[in-house]
1. Within the range 38-88, take every residue that is more than 19 Å from Val5 (Cα to Cα) and β-branched (Val, Ile, Thr) and give me the one that is nearest to the chain's Cα centre (by Cα).
2. Take the residues in the range 35-53 that are among the hydroxyl-bearing types (Ser, Thr, Tyr) and more than 18 Å from Arg92 (Cβ to Cβ), then tell me which one is surrounded by the fewest Cβ atoms within 10 Å (Cβ to Cβ).
3. Looking at the range 15-31, which of its residues are farther than 20 Å from Ala56 by Cα and surrounded by fewer than 17 Cβ atoms within 10 Å (Cβ to Cβ)?
4. Out of the range 69-85, which residues are among the basic types (Lys, Arg) and under 10 Å from Val9 (Cα atoms)?
5. Is there a residue in the range 64-81 that is of a type outside the set (S, T, N, Q), without any contact (Cβ under 8 Å) to a residue 24 or more places away in the chain and out of contact with any strand residue (DSSP E or B) (no Cβ under 6 Å at 6 or more places or on another chain)?
Amino acid sequence: MSYPVRGEVWLVDLGMAAKVRPCVVISSRIGESDRALLTLVPHTTSTRDTVFEANAHTHFLKPGAFDAQGLVTVPVSRAIRPLGRLNNEQMRGVETAVCRWLELPCRS
C-alpha cells in the first residue's frame with residue numbers, strides 16, 4: 001500500500017469542527033509495522049502573519065499559509081486525495097514554523 005509522504009499536500013478530512021482542508025505531511029515514511037498515522041500542518045486562507053505560519057505559493061493552493069499551531073495527527077484513511085508537493089524551500093519554511101511552535105532547535 002502506498003501512503004502519503006513527507007512534503008506532499010493532501011486534501012484531508014480533519015473532522016467536523018476543522019472541516020476538509022489541504023494539509024502538508026510532515027511525518028516520516030510509514031513502515032509495514034507502523035501505525036497508519038500522518039502528522040500534518042493544515043493550510044489556512046485566514047492568516048494572521050505570525051511566526052508560526054509558513055507561506056507557500058503554489059498553483060494548487062489558494063493564497064494563505066501552513067499554520068504550525070494547527071498540528072494534527074490523523075489516520076491515513078482521512079487523506080482524501082493528493083493536491084501536489086512542496087519544494088525544498090517551502091518545506092524548510094514549514095519546518096521552521098513547526099520548530100518555533102514546539103520550541104525545537106531549527107536547522108539554519
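Every number in this text was worked out from the coordinates using simple rules, so none of it is lab data. On a predicted model such as this, the values are computed, not experimentally measured, just so you know. Backbone-built Cβ (ideal geometry, glycine too); neighbour counts: all protein chains shown.
1. Per the stated criteria, the residue is Thr44.
2. Once the filter is applied, the top-ranked residue is Ser46.
3. Selection gives Gly15, Met16, Ala17, Ala18, Lys19, Ser28, Arg29, Gly31.
4. Arg81, Arg85
5. Looking for residues that are of a type outside the set (S, T, N, Q), without any contact (Cβ under 8 Å) to a residue 24 or more places away in the chain and out of contact with any strand residue (DSSP E or B) (no Cβ under 6 Å at 6 or more places or on another chain), one finds none in the range 64-81, hence no.
Yes/no matrix, rows are residues, columns are (1) surrounded by 18 or more Cβ atoms within 10 Å (Cβ to Cβ); (2) closer than 18 Å to Asp13 by Cα; (3) without any contact (Cβ under 8 Å) to a residue 40 or more places away in the chain:
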position	(1), (2), (3)
Ser33	no, no, yes
Thr58	no, no, no
Asn87	no, no, yes
Met91	yes, no, no
Cys106	no, no, yes
